[in-house]
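Data first, discussion second: the structure below is written as structure tokens.
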Amino acid sequence: MGLRRTPPPEAGAVAATSQAPIPQGTTPRAMTPRTTTPRTMTPRARTTRATTPRPGSSDAAALLQRAAEVLQALGSLDASTRDEITIIKISEPISSALHSAASKNSSSNSGNDESHNQQPSTAAPRTSDVSAHSASSALDAPTPASLEADLAHYKELFAKLRFSYVEQVTKEKFIRAIVGDPPLIVTPQENADLEASNMAAKASLKALKTEVALLAEDLESRSRELAARYERVKLDRIKLRELPGKMEELQKRVDKLRTKQAIQPGSQPEMNLPLAKTAVLVEERRQKVRELERQVEQLSSLAPRKRKEMERLQMEVTALAAKRAQVSAAAREAKRRRENAQKAGGTYDEMEAKGRWYRASEAALREMLGLKE
């Protein structure tokens with residue numbers, strides 16, 4: 001019964017093998033030099049803020065000198081940090097080791113062709129083995145995606161190797177315990193103690209794995225943040241290199257405008273105002289422009305109604321013009337008849353006689369009723 005329970009002591013080997021990668025969990029702490037890159041990058045961001053010319057600054061020469069100094073400092077930093085740490089460069093030691101292993105495997109395979117031909121293997125190839133061709137093809141141009149796939153592959157490979165190692169060690173110890181002289185007898189108390197130590201080791205391992213996972217997640221988030229900051233700093237550096245030329249061009253334009261203003265003094269007195277008064281004047285002009293825009297909006301809202309009223313009045317004017325034409329034609333006709341009547345016999349025509357009768361009747365009625373004109 002004690003011999004059958006000999007496999008549990010090899011659980012210590014399981015704990016030992018599972019605890020072996022624990023120091024690797026601390027490797028991110030050793031790889032923290034990646035996080036030191038912001039220290040070299042932050043002065044660049046600060047210098048870009050410091051070299052940004054403020055509007056109205058008259059010390060252009062000092063700003064140009066400062067920009068030149070910052071560019072020189074950035075050049076020295078570039079020269080000192082040419083060997084930049086990246087994911088691809090971190091994989092270079094692994095790729096070189098795998099290339100050497102692949103070359104060794106190819107040489108050993110070429111030397112052992114006859115033995116393989118004499119003793120053909122009937123076992124199927126393991127899915128976790130990495131061939132020389134796949135290693136060379138995958139590592140010729142490593143990318144983050146290929147590195148992630150390699151990481152998943154090696155995790156699976158190490159898990160299979162650990163399981164195989166524990167299985168072989170357990171079998172070996174079990175056989176030695178059986179054939180040993182005297183045979184190894186394991187008591188239940190020893191099994192219980194070993195089980196307790198294994199439980200404690202598993203709990204510690206789980207805590208360490210959790211800590212490593214959190215640390216890896218933190219490192220990933222920081223790496224993404226640093227990558228974004230690095231891109232921003234690169235853009236700021238490009239802008240900083242362009243600033244001296246732009247500042248010189250602006251200074252030339254300012255000098256040209258000043259000389260032009262000196263040639264024609266008094267033509268525009270507003271151009272001689274200082275910055276504060278110029279800002280006040282600009283604000284006043286903007287206020288006037290806003291007031292005019294507001295009035296234009298109000299008048300624009302009244303325009304449709306006024307347009308309709310204009311159309312209505314235009315129609316009335318058209319009707320009155322037609323009526324005027326008719327009245328004018330009737331007046332001309334009456335004048336012609338009167339002239340013809342005077343030429344004929346000196347008598348009035350019928351229409352004029354009616355008009356005289358109507359006026360006389362109106363005068364008589366007004367006199368009778370006592371109305372005033």
> Net charge near Ala329, counting Lys/Arg +1 and Asp/Glu -1 over other residues with Cβ under 12 Å of its Cβ?
Replying inline: +4
> Which shape class applies to the range 222-324: rounded if a/c is under 1.5, otherwise prolate when a/b exceeds b/c and oblate if not, where a ≥ b ≥ c are the square roots of the Cα gyration tensor eigenvalues?
Replying inline: oblate
> Going by average Cβ neighbours within 10 Å, how do the peptides 245-256, 306-317 rank, with the highest at the top?
Replying inline: 245-256, 306-317
>> More than 15 angstrom separation, counting every C-alpha pair in the range 305-346; what % is that?
In response: 61
> Taking square-rooted eigenvalues a ≥ b ≥ c of the alpha carbon gyration tensor, is the range 140-212 rounded, prolate or oblate, where a/c under 1.5 means rounded and, failing that, a/b exceeding b/c means prolate?
Replying inline: oblate
>> Sort Lys372, Lys260 by Cβ crowding within 10 Å, fewest neighbours at the top.
In response: Lys372, Lys260
>> Net charge around Lys256, counting only other residues with Cβ within less than 15 Å of its Cβ (Lys, Arg = +1; Asp, Glu = -1)?
In response: +1
> If you average over every viewing direction, what projected area does the convex hull of the Cα atoms of the range 275-369 give, in nm²?
Replying inline: 14.8
> Considering only Cα-Cα distances, which of the following residue pairs are longer than 24 Å: Lys260/Lys288; Lys171/Lys209; Lys155/Lys202?
Replying inline: Lys260/Lys288; Lys171/Lys209
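Every number here is computed from the coordinates shown, using simple stated rules; none is lab data. Since the structure is predicted, the reported quantities are computational estimates derived from the model, not experimental observations. Glycine gets a Cβ as well: all are built from the backbone with ideal geometry, and neighbour counts include every protein chain shown.
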